[in-house]
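Let me begin by presenting the structure, written as structure tokens, before commenting on it.
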Amino acid sequence: NDAKHSGSHLKSYSTGMDEQHLRRLAILQDLRTALLNDRLYMVYQPKIDLRSGKATHLEALVRWEHDTLGFIPPDEFITLAEHSGNIAMLTDWVLHQVAAQIARWNEQHHVFCVSVNLSAQDLTDHQLPARIAAILAEHALSSRQLVLEITESALMEDPVEARRILEELRRQGLHISIDDFGTGYSSLSQLRHMPIDELKIDKSFILKLDSQFEDVMIVRSIIDLGHNLGLSVTAEGVENLQSLAMLEAMNCDVAQGFLFARPLKAQELLFWFQAFSSKSFSDEQIRRRKE
Ligand code: C2E
Ligand code: MG
Ligand code: MG
Ligand code: MG
């Protein structure tokens, strides 16, 4: 009986491996075609300025509904794209989509600044600033309307190289944001010299801010650190009013999260924006709106 059991365990274990392997192969194989055929799409999540209560900034996030596998989380296919040398293609596709969307919104007099996420590997390509300049020029956009989000760990993989590329991008007028801050291993002496504009506190510290005392201490410290370095500080993953009130009390500059809006398609975003833009996102107003 024992032998039979371990046998079946072994079998299901190896089937699991096969499935994982096949899934990865399918994703890798289909990603290029999906990109070439525009089968991916972008969603946009508002970032709310806590002083003005306005949502003038958005974060662009990529989505993929696979024909047979269904929704594939971006973390999963982006990691695979990095390992297979397809990340530049994905990043260019994303930048083109976002630039075209910003231009369409500009024409409709909805002027947004939009953040695009870069992956660690993008920061090793010296052509990146030129690639971005070309895409902006193609859509006749000012570099002021594009922000680049780079994770803290990506930045610290090769800080010297990253700094060189970011300095060039910043000379072109782009703003740089450090994503998932608090989860990587920034050396503060490196950070001090980085050409950056914004720190985004990782959502793992924000999601339970209302109940975890340690998180409050960490978030307060990051906000103070950011401000002392002259940076704007954003909290991602704001899901409830209590956390929002705490962030406001701690002088956080910008908040982003499901409390305000999930990432939305461009068309849905305009509906969201029309309903909310004339109002301010004070605590009181959100509370009233929810009732
Ligand atoms: P990120 O840049 O840190 O994005 C924030 C993630 O948190 C997004 O997940 C967003 O949907 C989610 N989020 C926003 N508000 C809340 C909230 O209140 N609660 C919770 N629980 N989650 C919230 P998503 O879209 O699945 O993206 C995951 C990661 O994939 C991103 O993390 C980013 O690192 C990467 N990614 C997404 N789009 C792109 C892209 O176009 N290019 C690259 N290179 N990476 C991307
Ligand atoms: Mg991000
Ligand atoms: Mg993040
Ligand atoms: Mg992340």
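Readers should treat all values here as calculations from the given coordinates under stated rules, not as data from a laboratory. Just so we're clear, the structure is a prediction, and the values are computed from it rather than from any experiment. All Cβ positions, glycine included, derive from the backbone under ideal geometry; neighbour counts span all protein chains shown.
Data table
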{"item": "Which of Leu146, Trp105, Gly237, positive extreme of dipole for the chain (C-beta unit charges)", "result": "Trp105"}
{"item": "All-pairs alpha carbon distance profile, region 120-259, 5 Å steps from 0, percent", "result": "2, 10, 19, 21, 17, 14, 10, 6, 2, 0"}
{"item": "The chain: calculated mean residue ellipticity at 222 nm from DSSP helix runs of at least 4, using -39500 (n - 2.57)", "result": "-16000 deg cm²/dmol"}
{"item": "Bins of 10 Å, starting at 0 and running to the largest distance - Cα pair percent for region 176-267", "result": "17, 51, 26, 6, 0"}
{"item": "Whole-angstrom gap from region 179-214 to region 34-110, using each part's C-alpha centre", "result": "23 Å"}
{"item": "Positive-pole candidate from Ala134, Thr183, Ala162, dipole of the chain, charges at beta carbon", "result": "Ala134"}
{"item": "Whether region 32-186 is rounded, prolate or oblate, judged on the alpha carbon gyration tensor where a/c under 1.5 counts as rounded", "result": "rounded"}
{"item": "Net dipole in debye of the chain [+1 Lys, Arg Cβ; -1 Asp, Glu Cβ; about Cα centre; nearest 20]", "result": "620 debye"}
{"item": "Debye intensity ratio in log₁₀ form over the Cα atoms of the chain, taken at each q of 0.09, 0.13, 0.15 Å⁻¹", "result": "-0.49, -0.97, -1.23"}
{"item": "Helix 266-276 vs. the chain, principal-axis angle (Cα, 0 to 90°, nearest 10)", "result": "40 degrees"}
{"item": "Separation in nanometres of the label points that stand 7 Å from Cα toward Cβ, at Ala275 and Asp197", "result": "3.0 nm"}
